[in-house]
Amino acid sequence: MTSGTAALHAVPVFTDIDLDTRLISPQSVRDLIGPRTKVVIAVHMSGLPCDMDAFARLAHDTGVTILEDCAQAHGGRLGGRLLGGLGTAAGFSMNESKQMTTGDGGFVTTNDDEVARIASLFRDKTYLRDGSVGRGGQPIPFFALNYRANGLHAAVGLAQLGKLAGLVQRRDDIARRYYAELADLKNFDLPRLTDGAEPSWWPVAGRYTGGDGRRDELVEALAAEGLTISTGMSPASNILRTELVRMKRYYPLTPAVPAFWRDTEYDPDGCPNVDELQRTVIRLPVDQRYSDEDVEQTIAGVRKVWAHLVD
Ligand SMILES: Cc1ncc(COP(=O)(O)O)c(C=O)c1O
């Protein structure tokens with residue numbers, strides 16, 4: 001997302017998360033809005049819906065456009081409405097790790113005809129494919145790249161779409177069991193859901209809140225029980241400490257910073273809740289292919305480790 005923003009010569013600004021929800025905090029966003037802010041991206045991280053009413057109020061009060069990052073949120077809902085239809089536009093990832101996949105790639109949803117028109121031109125070098133121009137007649141009105149999906153992607157995607165509702169239901173069954181059967185554990189905290197949320201779920205980002213730095217010891221013990229437990233929330237622990245952002249490294253072969261990015265300073269410690277989540281997170285597996293027995297073994301394994309090491 002950072003690279004996508006910078007690719008447009010827009011300056012990415014990063015905001016902290018709310019530790020309880022594990023999601024971008026609408027209040028932190030509001031505090032960062034300035035005269036040059038154009039767009040806010042609400043990230044439905046781990047399939048957990050953001051508080052889109054708060055973001056709609058923000059749009060109303062400040063004039064910013066709200067986009068949704070639905071890369072991990074296919075089929076999730078808020079207040080009965082599908083994620084991806086609650087902002088001006090949304091981006092979905094279809095890489096191999098997602099709820100649904102076409103091998104790789106992604107798609108955009110929007111209720112705005114002009115956004116749809118521009119997005120469909122952008123994905124294909126601006127070529128008109130409706131038969132309105134002949135070969136040699138493409139007007140090429142603006143800079144655009146080639147993100148074209150092909151018929152094979154579409155065939156796989158349509159088949160996957162048919163399975164999505166059942167897949168989300170199964171993931172929900174599994175996650176709800178964790179909430180019902182692990183919420184009483186000492187020093188274990190599960191994400192607070194936005195009112196009206198029907199998540200499409202990703203590994204559930206539980207947190208060890210003992211405050212004694214023993215998260216890694218617990219994860220090791222959970223792995224020794226044969227459980228599929230993961231820690232990092234994302235490929236980079238904190239985007240503010242990547243070379244890309246620290247050095248504003250736009251070009252791989254030169255340290256030159258492009259003009260649009262020169263005036264921006266980043267504080268590497270500017271998102272302390274992200275750091276705290278990364279230090280404490282213990283992610284419980286959610287996968288529609290899990291049997292009831294798999295889920296029971298996971299719950300029993302966690303309870304066993306807690307009984308030995310925490311209680
Ligand atoms: C929250 C989030 N945003 C954006 C992306 C980027 O998606 P892609 O890998 O399809 O470029 C991903 C996944 O990789 C993601 O999980």
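The numbers here are math on the coordinates, done by the rules we state, and not lab data. The structure displayed is predicted, hence computed values, not measured ones. Methodologically, a virtual Cβ is constructed for each residue, glycine included, from the backbone with ideal geometry; neighbour enumeration extends over all protein chains shown.
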Nearest-0.05 FRET efficiency for residue 216 and residue 112, computed from C-beta distance (R0 45 Å): 0.45
Fewest-first sequence of 140, 17 by Cβ atoms within 10 Å of each Cβ: 140, 17
Estimated vicinal HN-Hα couplings, Hz - the stretch 193-200 in sequence order (Karplus 6.51, -1.76, 1.60; Gly, Pro = x): 8, 4, 3, x, 6, 10, x, 9
Gaussian network model of the chain, Cα within-10 Å springs - most flexible of 138, 297, 27: 138
The chain: angle of helix 215-224 to the longest principal axis, Cα-based, in degrees nearest 10: 80 degrees
Cα shape, the stretch 33-175, gyration tensor, a/c 1.5 rule: oblate
Top of 13, 257, 29 by mean-square fluctuation, Gaussian network on the chain, Cα under 10 Å: 257
DSSP loop chymotrypsin sites (Phe, Trp or Tyr not before Pro) with at most 11 other Cβ within 10 Å: longest gap in the chain: 144-311
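Please order 60, 44 by the number of other Cβ within 10 Å, starting at the fewest. Write out the running numbers ahead of the final one.
On the way: 60 9, 44 29.
Starting with the residue having the fewest Cβ neighbours, the order is 60, 44.
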Local electrostatic count, residue 29, Cβ distance below 12 Å [Lys/Arg +1, Asp/Glu -1]: -3
Fluctuation leader among 49, 12, 141 - the chain, Gaussian network, Cα springs under 10 angstrom: 141
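Would the chain count as rounded, prolate or oblate if I go by the C-alpha gyration tensor, calling it rounded below 1.5 in a/c and otherwise prolate when a/b exceeds b/c, oblate otherwise?
Because a/c hits 1.5 or more and a/b exceeds b/c, the chain counts as prolate.
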Between the stretch 252-307 and the stretch 118-191, the alpha-carbon center distance in angstrom: 22 Å
For the stretch 184-227: rounded, prolate or oblate by the Cα gyration tensor [a/c cutoff 1.5]: oblate
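Sort 214, 77, 135, 262 by Cβ crowding within 10 Å, fewest neighbours at the top.
By the 10 Å Cβ count, ascending, the order reads 135, 262, 214, 77.
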Sum of side-chain charges, residue 257 neighbourhood, beta-carbon under 11 Å (Lys, Arg +1; Asp, Glu -1): +2
